[in-house]
Ligand SMILES: CC(C)(COP(=O)(O)OP(=O)(O)OC[C@H]1O[C@@H](n2cnc3c(N)ncnc32)[C@H](O)[C@@H]1OP(=O)(O)O)[C@@H](O)C(=O)NCCC(=O)NCCS
């Protein structure tokens, strides 16, 4: 995903690529000014996919005719290395906070996975610009709503409201940054239409990037041909941006199953996932279905939160991971799943 931010009230723009393929990788270029002098900052920061802990950050800054670099490494023993020198004051910290960009706020937002109403304090390795110094900075994040956090710096008392998208990427950083919207306007009432076999190629070609990991193997052309009367798609500018693939169980006609539901990251948080489920519930209810089932991967916290939000409950499993019941080996050796069920009134 590519993001363009602009500074509010000051010179500054940034383009950042956010890649969640195997790890969370932020690659950004900031053009701004420090002390009235033009500056550019290029950076890469990388966090572990599973733990969300920052592993490295590299910064190159061009300012007052000089090029300066900073290298941060965080090893498996929790030690931090600044330009290849061990920096004990940073040991044990999980996140990097590059003061020049709103991109690194995504690191603790995703790592902490706060529920709405929750709040937590943490300390980040804070890189200041243009000095390029790195010091521990105690901070607090409070999730006020699905898309809203309050960020506080505990040392200075500074606080700001952050609004984020469904991937935890900053949409607005109160008084400092705002994300510039370049995408096609989403229709206010997106039209949900039946899925068609014609959608197969584009959706199968998109899902790996939508999920951020390989999932295309879970889709087959026959599903688009044979489940199309109980499946839905949303197109924007002729391109599928969200779909639900589900069917009424041939063995249990009072149950329906949703095999996959995905929303293009550029259109998350707009209610498309909920609308697709509502369309599916309404349709299968008419056909005598009283309950709907689905499964997801235990690592897919967003999917678990989403399914809870649209009324699913989690079926008891054989063990608990991150507070969620898990069915070990549900889809084969080592392929664990969280199982959802939703009763239709
Ligand atoms: C999970 C997914 C389908 C959500 O789609 P979406 O269109 O962004 O979701 P919506 O905007 O309709 O949100 C509906 C509800 O889910 C909740 N929700 C959605 N994404 C969430 C997230 N990442 N964290 C917490 N809650 C989330 C919202 O709180 C919202 O509740 P509300 O209506 O009470 O505010 C989408 O993020 C996605 O496609 N993810 C990758 C594919 C995937 O994991 N699919 C599910 C498993 S098959």
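No value in this document is a laboratory result; all are computed from the given coordinates. Please read these numbers as outputs of a predicted model, since none were measured by experiment. Because the Cβ atoms are built from the backbone with ideal geometry, glycine has one as well, and the counts that use them run over all protein chains shown.
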Determine, for each peptide in 266-276, 191-201, the mean count of other beta carbons within 10 angstrom over its residues, then list the peptides with the highest first.
266-276, 191-201
Using only Cα atoms, find the angle between the long axis of helix 272-286 and the longest principal axis of the chain, and express it within 0 to 90 degrees, rounded to the nearest 10.
10 degrees
Using a simple spin-label model with points 7 Å from Cα along the Cα→Cβ vector, what separation in nm is obtained for residue 259 and residue 42?
4.5 nm
In a GNM of the chain with a 10 Å cut-off on Cα contacts, which of 254, 318, 208 has the highest mean-square fluctuation?
318
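With a/c under 1.5 counting as rounded, go ahead and sort region 242-345 into rounded, prolate or oblate using the C-alpha gyration tensor (a ≥ b ≥ c being the square roots of the eigenvalues; past the cut-off, prolate if a/b is larger than b/c, else oblate).
oblate
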Percent antiparallel among DSSP beta bridges (both partners in region 2-179, rounded to 5):
95 percent
First check a/c for region 1-127, with a ≥ b ≥ c the square roots of the eigenvalues of its C-alpha gyration tensor; if it is under 1.5, answer rounded, and if not, answer prolate when a/b is larger than b/c or oblate otherwise.
oblate
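Give me the percent relative contact order of region 1-74, please, defined on Cα pairs under 8 angstrom at least 6 residues apart. Each step should come with its number before you reach the end.
On the way: 164 pairs, mean separation 14.6, N = 74.
Reported as a whole number, the value is 20 percent.
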Please identify which residues in region 66-90 have an amide N closer than 18 Å to a label point set 7 Å out from the Cα of residue 19, following the Cα→Cβ vector.
none
Region 192-343, relative contact order [Cα under 8 Å, separation at least 6], %:
17 percent
How far, in nm, would the chain grow between residue 202 and residue 220 when pulled straight, counting 0.36 nm per residue and subtracting the alpha carbon separation?
5.2 nm
Listed highest first by mean packing, meaning other Cβ atoms within 10 Å per residue, what order do 152-160, 23-31 come in?
23-31, 152-160
In percent, how large is the relative contact order of the chain, given Cα pairs closer than 8 Å and 6 or more residues apart?
9 percent
Checked the chain against the a/c 1.5 cut and the a/b vs b/c comparison, axes a ≥ b ≥ c from its Cα gyration tensor; verdict prolate
Rounded to the nearest 0.05, what FRET efficiency do residue 147 and residue 291 have when you use their Cβ-Cβ distance and R0 = 30 Å?
0.50
